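Student: Quick one: structure below, then a few questions.
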Amino acid sequence: MIGDSIYCGSAYCGSALVGAGLFAVSALGAPLDFKVVALDRLPGISAGSEPEQRPDMLPDGVVTRGAGTIRAAWLTGPTRRYAHGVLGDDIKASGISVELERGEVLSLELEPDAVFEDRIPRLVDLTGNGRGHVLVIKSYATMGAALALVAPVDGRLVVIAGGDPIGQSYRWLNPVGVGDFDGGGRIETAHAETPHIGGTLVLSRLENGRLVSVRRVGGFSNHRMGSRELGLSVVLDANVDGVPDIVVPDNSRTDLRVGTFAGGKFRELARIELRAEITSSLRPVQIGAGKRKGLAFRLSDGRIVGLVFGR
């Protein structure tokens, strides 16, 4: 699976691929040990496997599974009441269902002026108490997208917190992940707001039943308009300082940016100029004989890239 080594740490490795101008890398801020390699295939779903299906499920939705109080979550109630083709068609979800640890299924149906403009419900724990939450994209007919946090409460499935909508119809956002991004002991969500028209990386925190924006940095995009691929960004501890970092493309999706909010201020650790658009999810992978942890992804020109952090 591993191919030519292209870039290592703060110096090129001497590969002919570098001379061909296929990659250019700048290491900014604190030193970050990483390696970029060419791969011969992209890890994915095993041949012959079929996506899990549930009753009344969104046609292109994904059943997300976990090991906590929520064992599975999926979007339901296909509807065309919000005609926005951000994910490739005008079909959205009017509801969501979860399966709890004892097999009980709870469902939630949204109000008529809103939909879940999403494919993949994300199982998270924003309070640190071990109780499961589902993070999902909720869009309002006149106000656009917002984050919504869904959880079981007293035998019902309810939206327990939401962020402020973007403020205009047909404006969207795409989550990156969750973590204690500034190292301050509180868990935040991260998302790219309006990733198609000049994206902003936003951190939000759960405060009194609201997801409140606490940090905003411009210049990011983790989605291409009309694509069903939502995983162009990922959370990991790239510089191994104990604080999760964010790996997300720039606005053109041809540069991959590695950034940290450690200490409360955004700092870019590295930027990989790929010379082609990232078109697949950033997939966790083990690379090389040492089985080092890294990411693998595909570019619009057909190249498959591996990015490995650490020596």
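The values are calculated or read from the model by the stated rules, or taken from the named source; none is laboratory data. Here the structure is a predicted model, which means the values were calculated and not measured. Glycine gets a Cβ as well: all are built from the backbone with ideal geometry, and neighbour counts include every protein chain shown.
Student: Which one of the conditions (1) touching a residue at least 60 places away in the same chain (Cβ under 8 Å); (2) of a type in the set (D, E, K, R); (3) surrounded by fewer than 17 Cβ atoms within 10 Å (Cβ to Cβ) does Asp241 fail to meet, given that it meets all the rest?
Tutor: (1)
Student: Sticking with this one: Could you look through the stretch 80-105, keep only residues that are basic (Lys, Arg) and at pLDDT 95 or above, and pick out the one that is nearest to His223 (Cα to Cα)?
Tutor: My answer is Lys92.
Student: Which of the following residues is crowded, with 21+ Cβ neighbours inside 10 Å and polar (S, T, N, Q): Thr200, Thr189, Thr254?
Tutor: Exactly one residue qualifies, and that residue is Thr189.
Student: Conditions first: (1) in a loop (DSSP other than H, G, I, E, B); (2) over 21 Å from Glu117 (Cβ atoms); (3) of a type in the set (Asp, Glu). Glu268 passes all but one, so which condition is the exception?
Tutor: Among (1) in a loop (DSSP other than H, G, I, E, B); (2) over 21 Å from Glu117 (Cβ atoms); (3) of a type in the set (Asp, Glu), Glu268 violates only (1).
Student: Let me ask something additional. Restricting attention to the stretch 223-265, and to residues there that are at pLDDT 95 or above, closer than 15 Å to Gly179 by Cβ and among the polar types (S, T, N, Q), which single residue is farthest from the chain's Cα centre (by Cα)?
Tutor: This residue is Thr260.
Student: Can you confirm whether Val98 is hydrophobic (A, V, I, L, M, F, W, C), more than 23 Å from Ser169 (Cβ to Cβ) and in contact with a strand residue (DSSP E or B) (Cβ under 6 Å, 6 or more places away or on another chain)?
Tutor: yes
Student: Could you list, in sequence order, all residues of the stretch 221-240 that are among the basic types (Lys, Arg) and either closer than 23 Å to Glu268 by Cα or not in a loop (DSSP other than H, G, I, E, B) (or both)?
Tutor: The answer is Arg224, and nothing else.
Student: So the check is Cβ under 9 Å with 6+ separation or different chains; which pairs have a first residue in the stretch 194-222 that's closer than 27 Å to Ala151 by Cβ and modelled with pLDDT of 95 or more and a second one that's surrounded by fewer than 17 Cβ atoms within 10 Å (Cβ to Cβ) and polar (S, T, N, Q)?
Tutor: From residues that are closer than 27 Å to Ala151 by Cβ and modelled with pLDDT of 95 or more, the pairs are Leu206/Thr127.
Student: Within the stretch 233-277, track down each residue that is over 18 Å from His191 (Cα atoms) and polar (S, T, N, Q).
Tutor: Of everything in the stretch 233-277, those that are over 18 Å from His191 (Cα atoms) and polar (S, T, N, Q) turn out to be Asn239, Thr254.
Student: May I pose another question? Under 30 Å from Arg171 (Cα atoms) and in a strand (DSSP E or B): does that describe Ala276?
Tutor: The answer is no for Ala276.
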